[in-house]
Amino acid sequence: METPLTQNIRPDREPLDLTGYERAGGYQALRKALTDLSPQQVMDEVSASNLRGRGGAGFPTGKKWSFVPRGEDAPARKYLVVNADEMEPGTFKDRLLLEGDPHQMIEAMIVSAYAIGADTGYLFMRGEYTLAEQRLQRAIDEAREKGYLGANILDSGFSLEIYVHTSAGRYLCGEETALLNALEGKRAIPRHKPPFPQVSGLWGRPTVVNNVETLCNVQHIINCGADWFKRLAATEGGGGTKLYGASGRVRNPGCWELPLGTPLRAIIEEHAGGLLDGYHFRSCLPGGASTGFLTAEHLDLAMDYEAIGAAGSRLGTGCVTVIDDRVCMVALMHNLEHFFAQESCGWCTPCRDGLPWTKRLLGAIEAGKGEPRDLELLEMHCQFLGPGKTFCAHAPGAMMPLETALMHFREDFERHIEEQRCPWRDAAGRSAA
């Protein structure tokens, strides 16, 4: 299996029912885990596979699971929560898995819950994903009727219930503790850490929060082994495949399952078909709006955590937003910072006040009303809203594209200020660009 995550997804996106999923090998990993493996052995196999979080942070999955308390003194109730909110701009990979193969998600949750000792699972769903919600609920009902969910699954003594929770939706629910607050019916604001959710999460109980794509790898690791999973990656030290996406003015926008570490150029030029006629590549965001810009000199980089990190950005979600030579970088940044300012929960002062200030500065520059000192103020915001200066990673994520835009495209900002206009608004300026 070179594409384990998408092997069951049909061209018409109509998902397999339970019988079809079983014929394709579904629920064999569940039977293997409950019959032949202890929870610790499942966890060890996932740790050995080098599976890392596919939601953006890239944290090792087995290591995250290992923080859950065990033993006689550990709390009896534990939770597994799947983050299916997918609010990162330019990202649409998890929706493909949820709509196209819902039973894969359910089996992944059952095996993962068995590994960490959870008896309750929640799918925290983005409210707009109504089709995914319907298909997941149907899969849950089918799995429960077959005995894969509920009490004493397959006579193993292990029990699990899974619930779909439809979110009112906001970007900050991508932060796991804000998600947990929202799941409890509270305002979606981040919690102080420590304690981390693995020790005290949902309703104060040990909780693991994982991304959709992350968990959908688990049953394939159990079926085929950690060594097989590591061989799927294109770069040494990686593990598995990755759902890469591309949007923007490309010929074939979409989402593809490729070896982790596939070069950026291959994603844009081979799979996305390159840019449309008359447009030329200028830059891209490699993994959503909260990642740093990469330029043409980075096209041959491997799309993995280390290579993209060394280039001053982040792999993030792996969904590439392609920026062509007709896009005004100042207007683009104004749009992005407007989004981030709007999505701030307002919990800490740098984020609450700094992001709207950044948006206003960029709006003034884009409108031809900027001043030279505005660039110094923007750089100041990149420093004071950066990592370690705010309560969570929302503001630092908003500053990464701004900081790299000022680094790679400073001339664009300076031209706006010097000419007191947007040079990209007329055909001559666009052509010259």
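For this structure, a couple of remarks:
- Residues of the range 142-154 that are part of a helix (DSSP H, G or I) and out of contact with any Leu (no Cβ under 9 Å at 6 or more places or on another chain): R144 alone.
- Residues of the range 292-301 satisfying the condition of being part of a loop (DSSP other than H, G, I, E, B) and under 18 Å from A234 (Cα atoms): L299, D300, L301
- Helices (runs of 4 or more DSSP H) contained in the range 161-237 and holding at least 1 residues of a type in the set (D, E, K, R): 176-183, 212-215, 226-232
Residue-wise test of (1) modelled with pLDDT of 95 or more; (2) under 25 Å from the mean Cα position of the chain (by Cα).
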{"site": "C319", "(1), (2)": "yes, yes"}
{"site": "L332", "(1), (2)": "yes, yes"}
{"site": "L355", "(1), (2)": "yes, yes"}
{"site": "A364", "(1), (2)": "yes, no"}
{"site": "F391", "(1), (2)": "no, yes"}
{"site": "M399", "(1), (2)": "yes, yes"}
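- Candidate set from the range 230-260 (those that are of a type in the set (A, V, I, L, M) and more than 16 Å from P286 (Cα to Cα)); member that is surrounded by the most Cβ atoms within 10 Å (Cβ to Cβ): L232
- Whichever residue in the range 307-336 is in contact with a Lys or Arg (Cβ under 8 Å, 6 or more places away or on another chain) and among the charged types (D, E, K, R) and, among such residues, is farthest from A234 (Cα to Cα): R326
- Residues that are among the β-branched types (V, I, T) and assigned to a loop (DSSP other than H, G, I, E, B) within the range 8-41 comprise just one, I9.
- Matching residues, the range 287-326, being of a type in the set (V, I, T), closer than 23 Å to H416 by Cβ and buried (at least 19 other Cβ atoms within 10 Å of the Cβ): T321, V322, I323
- Residue match in the range 18-26 (condition: of a type in the set (S, T, Y) and free of Cβ contacts under 8 Å to residues at least 12 places away in the same chain): yes
- When residues of the range 153-171 are limited to those that are in contact with a Phe, Trp or Tyr (Cβ under 9 Å, 6 or more places away or on another chain) and hydrophobic (A, V, I, L, M, F, W, C), the one surrounded by the fewest Cβ atoms within 10 Å (Cβ to Cβ): L154
- Every listed requirement among (1) under 30 Å from G261 (Cα atoms); (2) free of Cβ contacts under 8 Å to residues at least 60 places away in the same chain is met by R352 save one, (1).
- Taken over the range 366-418, the criterion of being under 18 Å from G354 (Cα atoms), acidic (D, E) and without any contact (Cβ under 8 Å) to a residue 60 or more places away in the chain is satisfied by D374, E376, E379.
- All of (1) in contact with a strand residue (DSSP E or B) (Cβ under 8 Å, 6 or more places away or on another chain); (2) under 23 Å from M87 (Cα atoms); (3) not small (G, A, S) hold for H334 with one exception: (1).
- Sole exception among (1) under 22 Å from L123 (Cβ atoms); (2) crowded, with 23+ Cβ neighbours inside 10 Å; (3) of a type outside the set (V, I, T) for S49, by number: (1)
- Of the residues making up the range 276-301, those that are among the hydrophobic types (A, V, I, L, M, F, W, C) and touching a helix residue (DSSP H, G or I) at 6+ places or on another chain (Cβ under 8 Å) are F281, C284, L285, A289, F293, L294, L299, L301.
- Residue match in the range 267-281 (condition: touching a His at 6+ places or on another chain (Cβ under 8 Å) and of a type outside the set (A, V, I, L, M)): no
The values are calculated or read from the model by the stated rules, or taken from the named source; none is laboratory data. Since this is a predicted model, take the numbers as computed values, not measurements. Note: ideal-geometry Cβ built from the backbone for every residue, glycine included; neighbour counts use all protein chains shown.
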